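The values are calculated or read from the model by the stated rules, or taken from the named source; none is laboratory data. Predicted, not measured: the structure shown is a model, and the values here were computed from it. Using ideal geometry, Cβ is built from the backbone for each residue, glycine included, and neighbour counts are taken over all protein chains shown. To get the accessible areas, we keep the full protein, side chains included, count just its heavy atoms, and leave off ligands, DNA and RNA. Shrake-Rupley method; radii C 1.70, N 1.55, O 1.52, S 1.80 Å.
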Amino acid sequence: MMDLVTSFLNLVVPPATMMMLAFSWPALCFINACEWVYNTLYTIEEMDGKVVIITGASSGIGEQIAYEYAKRRANLVLVARREQRLRAISEKARYLGANSAIVIAADVVKEDDCRRFINETVNFYGRVDHLVNAASLGHTFYFDEVTDSSVFPILLDINFWGNVYPTFVALPYLHQSNGRVIVNASVENWLPLPRMSLYAAAKAALVNFYETLRLEVNSDVGITIATHGWIGGEMTRGKFMLEEGAEMQWKEEREVQASGGPVEEFARLIVSGACRGDAYVKYPSWHDTFLLFRVFAPNVLNWSFRLLLSTHGTRRTSMVGVGKPISEGGSGRYLMETTSPRKLPAGPITFSKT
């Protein structure tokens, strides 16, 4: 009997849901637009004097987010591995309007380091209002070409645990201030893209973690999940880097360059959305159209990717610490290879404030 009911629902529910969605879509868009206008006009959070911790702040999205919060006169805590780079960013942030800026050298994949920079922040400012998890590490290799699996935990550590540990330590203080966690996610958490298998898996785990946490903390702590497609910066210049700045890959000279929207615009949208209390920030938003294909016509999506792959011919792979890069018909150009971030010293805590 249960099998019969399941078979019936399999036949009826998908088309019925599509019909309901088609009829309700204009009304839902109107409601969302009204909610956005109301939040923009009446519920914008004033960041003047509030405390914002930003991990991965020494480059890319994290750096630009720091500048956006600086324009809102927040107190900044900039966290990354490169202390000298953070000092330069803190100077620019203060020039843009930040009330003060603290520079802390730390490794987000180490719980002790996370506890250290959260405690230093609370001891210095007495509170935490926003925690921005911007540290991230991408890759561009085919999974079946990996020769050294030691890179696997590095990718998972930075893209997953590098977000979970700071959140775990900061959560009690965010409860006290009714604060917010901002997450640097990616469209790859649900849109499968070739050569990004582990990155996509880590981002999928990350988004599901925060969606669950959102239900657990209810409205005591806000969570903004920022999802981007291809954006400008190191990634579009053919380099996938630790947000802290240590280049982790070898890259072929003839690697196809990616392109996309500017990092600055995405950072502006993230901070604006977080201050409005938005649950999601998406850039560019048209990526959502692929979600319909993923759910209702996955074969079409798979065929499209296969077609795109077939037009590039031979594989040109950038490996992240996995051995010699594959090069067919040409020589490869090597960038700096670093050690695992687990083995690098965290460095001292330094303060730089007005």
Query raised in the report: Which one of the conditions (1) aliphatic (A, V, I, L, M); (2) over 19 Å from VAL108 (Cβ atoms); (3) in a helix (DSSP H, G or I); (4) touching a residue at least 40 places away in the same chain (Cβ under 8 Å) does ILE61 fail to meet, given that it meets all the rest?
Result: (2)
Query raised in the report: Considering segment 184-199 alone, what residues qualify as being of a type in the set (A, V, I, L, M, F, W, C) and open to solvent by 20 Å² or more (accessible area, probe 1.4 Å)?
Result: TRP190, LEU193, LEU198
Query raised in the report: So, of the residues in segment 256-303 that are surrounded by fewer than 17 Cβ atoms within 10 Å (Cβ to Cβ) and part of a strand (DSSP E or B), which turns out to be modelled with the lowest pLDDT?
Result: GLY261
Requested in this report: Hey, can you tell me all the residues within segment 9-22 that are modelled with pLDDT of 85 or more and either surrounded by fewer than 10 Cβ atoms within 10 Å (Cβ to Cβ) or not small (Gly, Ala, Ser) (or both)?
Outcome: LEU9, ASN10, LEU11, VAL12, VAL13, MET19, MET20
Requested in this report: Tell me, yes or no, whether segment 69-83 has at least one residue that is touching a Lys or Arg at 6+ places or on another chain (Cβ under 8 Å), open to solvent by 10 Å² or more (accessible area, probe 1.4 Å), of a type outside the set (Val, Ile, Thr) and in a strand (DSSP E or B).
Outcome: yes
Query raised in the report: Is it true that some residue in segment 18-31 is touching an Asp or Glu at 6+ places or on another chain (Cβ under 7 Å), part of a helix (DSSP H, G or I) and of a type in the set (S, T, N, Q)?
Result: no
Requested in this report: Just name the residue that is nearest to ALA274 (Cα to Cα) out of those in segment 36-57 that are open to solvent by 100 Å² or more (accessible area, probe 1.4 Å) and modelled with pLDDT under 85.
Outcome: TRP36
Requested in this report: Identify the single condition in (1) of a type outside the set (Ser, Thr, Tyr); (2) within 25 Å of the chain's Cα centre (by Cα); (3) open to solvent by 90 Å² or more (accessible area, probe 1.4 Å) that ILE61 does not satisfy, given that it satisfies every other one.
Outcome: (3)
**Report entry** Where ILE102 falls short, out of the listed (1) surrounded by 24 or more Cβ atoms within 10 Å (Cβ to Cβ); (2) under 16 Å from HIS130 (Cβ atoms)
**Finding:** (1)
Report summary line: Note on segment 134-154: residues closer than 27 Å to ARG306 by Cα and not in a loop (DSSP other than H, G, I, E, B) are THR140, PHE143, ASP144, GLU145, VAL151, PHE152
Report summary line: Those residues of segment 155-183 that are over 18 Å from VAL207 (Cα atoms), assigned to a helix (DSSP H, G or I) and open to solvent by 20 Å² or more (accessible area, probe 1.4 Å) come to a total of 5
Report task. Scan segment 122-139 for residues that are surrounded by fewer than 24 Cβ atoms within 10 Å (Cβ to Cβ) and of a type in the set (S, T, N, Q) and jot them down. Result -> ASN123
Report summary line: The condition of being closer than 19 Å to GLY179 by Cα, without any contact (Cβ under 8 Å) to a residue 40 or more places away in the chain and over 20 Å from the mean Cα position of the chain (by Cα) holds, among ASN99, ASN123, only for ASN123
Requested in this report: Kindly indicate whether any position in segment 107-117 is among the aromatic types (Phe, Trp, Tyr) and surrounded by fewer than 23 Cβ atoms within 10 Å (Cβ to Cβ).
Outcome: no
